[in-house]
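Student: To start, I am sharing the structure in question, which I have written as structure tokens.
The values are calculated or read from the model by the stated rules, or taken from the named source; none is laboratory data. Please read all numbers here as calculations on a predicted model, not as lab measurements. Note that each Cβ is placed from the backbone with ideal geometry, even for glycine, and that neighbours are counted across all protein chains shown. Each accessible area value is taken on the protein alone, full model and side chains, heavy atoms only, with ligands, DNA and RNA left out. Shrake-Rupley method; radii C 1.70, N 1.55, O 1.52, S 1.80 Å.
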Amino acid sequence: MPSDPPARLSHRKLRHIEACLLDESQYQGVTTGLEDVAWPYHALPELNLEAVDLGCTFLGKRLSAPVLIGAMTGGAEKSATINRNLAAAAQRLGLGLMLGSQRVMLEHPEVAASFQVREHAPDILLVGNLGAAQLLKGYGPADLERAAALVGADAMAIHLNPLQEAMQTGGDTDWAGVLARLREVVAQTRVPLLLKEVGHGLGAEVARQVEGLGFAALDVAGAGGTSWARVEQLAETGRVYSPDLAELGLPTAQAVREVRRVLPSAPLIASGGVRTGLDAARALLLGADVVAVARPLLVPALTSAEAVEAWLTQFIRELRVALFVGGYADLATLKQRG
Ligand SMILES: Cc1cc2nc3c(=O)[nH]c(=O)nc-3n(C[C@H](O)[C@H](O)[C@H](O)COP(=O)(O)O)c2cc1C
């Protein structure tokens, strides 16, 4: 299997982090569309705010709130700090954590420790990660199972990122046969698999293409937050040289609606530009089961577990208030009444 030298991979990851820290990494024109979802307001909620129950079960694990920390990688030395801080906060708050791409770890086992967070988070829902591009280049079920086993993951996410790859010099741009490969891999892998984008969105068409393949969940990772086409351009040249291409994608609200319409009962993650608890509430109202947040947690994750915890506590508080003033006692009521 082709292998980039570890120094090159970690240098690229570091450039990604630096690019993600810039405001220019975010969509500039396109928004998630969540802001247009009308949220009901009940002046007589007949509820106790503190008793609003945000608990749910996702992929077989209990969560205290329907919130996952989105997949993020670091440069070699930074990824250990990022993952440790994210994991410790997820454990304390009872939330899930999606790890960043484990490709570097499979190619260079010496960096595996930076992904191994189970000692900080023995109980959480933990999701590993690998790119579909890697599955087209020789990686397969055994590698996904190994990646999961090495970190103690409950499931593995496969990310689709054709636009990001196309923005990268030497990116993996031959995606012919990807659906057949996914079908093969899902059928043969003995770890639950999720399918996600990286910020440009999965919509109705993808949902129809993968229907019945056996994915345990889908994460729309829609447009309106971090644009990986922007990140890739910034990381490579320091500027966004194709700004229109970088704005391509399905806005998160639309992506959730579309996937939910095609797959009414598939476990569904809403992500991409989810920035507040009210954004999360609106995505749940559209039919998502849980939300995931990535970029807003990057600075806190580089700081401390306490900083991550503080950001998420505020976010969950906002979600609780939204349900309270919407008159929803819990997530089941939100789902039933819509
Ligand atoms: C620093 C950083 C690193 C990321 N690395 C990965 C990755 O390795 N694998 C992946 O599937 N997605 C990765 N993502 C994409 C996120 O999981 C997410 O889909 C995307 O950023 C949109 O969410 P956001 O708007 O909340 O940032 C990364 C995002 C950030 C900010």
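Student: In deg cm²/dmol, rounded to 500, what helix-only [θ] at 222 nm does the chain give when every DSSP H run of at least 4 residues adds -39500 (n - 2.57) and the total is split over its residues?
Tutor: One gets -12500 deg cm²/dmol as the mean residue ellipticity at 222 nm.
Student: What ranking, highest mean first, results for peptides 100-106, 31-37 when packing means the other Cβ atoms within 10 Å averaged over each residue?
Tutor: 100-106, 31-37
Student: Give me the 1.4 Å probe accessible area per residue for region 121-208, excluding ligands and nucleic acids, in Å².
Tutor: 36
Student: Principal axes first, then extents: for the Cα atoms of region 1-141, list largest minus smallest coordinate on each axis, whole Å, largest first.
Tutor: For region 1-141, the Cα extents along the three principal axes come out at 61, 40, 28 Å.
Student: Ratio of the chain's C-alpha Rg to 2.2 N^0.38 Å, to two decimals?
Tutor: Against the compact-globule rule of thumb, the ratio is 0.93.
Student: Using +1 at the Cβ of each Lys and Arg and -1 at the Cβ of each Asp and Glu in the chain, identify which of 305, 47, 74 lies farthest towards the dipole's positive end.
Tutor: It is 47.
Student: Report, to one decimal in Å, the Kirkwood hydrodynamic radius for region 143-239 based on all distinct Cα pairs.
Tutor: In region 143-239 this quantity evaluates to 14.6 Å.
Student: Which percent of the accessible area of region 50-165 is formed by carbon and sulfur heavy atoms (probe 1.4 angstrom)?
Tutor: 52
Student: Using 27 Å as the Cα-Cα cut-off, could you pick out the over-long pairs in 137/196; 61/137; 13/196?
Tutor: Long pairs (Cα-Cα over 27 Å): 61/137.
Student: Report relative contact order for the chain in percent, whole number only (criteria: Cα-Cα under 8 Å, sequence separation at least 6).
Tutor: Computed value for the chain: 24 percent relative contact order.
Student: Right, something else. Would you kindly give the portion of the calculated P(r) for region 98-178 that falls above 21 Å, as a percent of all Cα pairs?
Tutor: 30
Student: Could you give the size of the charge dipole of region 171-314 about its Cα centre, using +1 on the Cβ of each K and R and -1 on the Cβ of each D and E, expressed in debye and rounded to the nearest 20?
Tutor: Approximately 320 debye in magnitude.
Student: Now for a different question. When the C-alpha atoms of region 191-287 are aligned to their principal axes, what extent does each axis show, in angstrom, from largest down?
Tutor: Cα extents, longest axis first: 42, 31, 24 Å.
Student: About the Cα centre of region 209-292, how large is the charge dipole given +1 on each Lys and Arg Cβ and -1 on each Asp and Glu Cβ? Please answer in debye to the nearest 20.
Tutor: 240
Student: Still on this model: Dipole of region 188-338 (Lys/Arg Cβ +1, Asp/Glu Cβ -1, origin at the Cα centre): which of 241, 283, 272 lies farthest to the positive side?
Tutor: 283
Student: Mean projection of the alpha-carbon convex hull of region 1-83 over all orientations, in nm²?
Tutor: 10.6
Student: Evaluate the charge dipole of the chain about its Cα centre and quote only its size in Debye, nearest 20, assuming +1 on the Cβ of each Lys and Arg and -1 on the Cβ of each Asp and Glu.
Tutor: 360
Student: Now for a different question. Please state the relative contact order of region 261-338 as a whole percent: Cα pairs under 8 Å, 6+ residues apart?
Tutor: 33 percent.
Student: I've got another one for you. Relative contact order of region 73-132, please, whole-number percent, based on alpha carbon pairs below 8 angstrom and at least 6 residues apart.
Tutor: The normalised contact order for region 73-132 reaches 44 percent.
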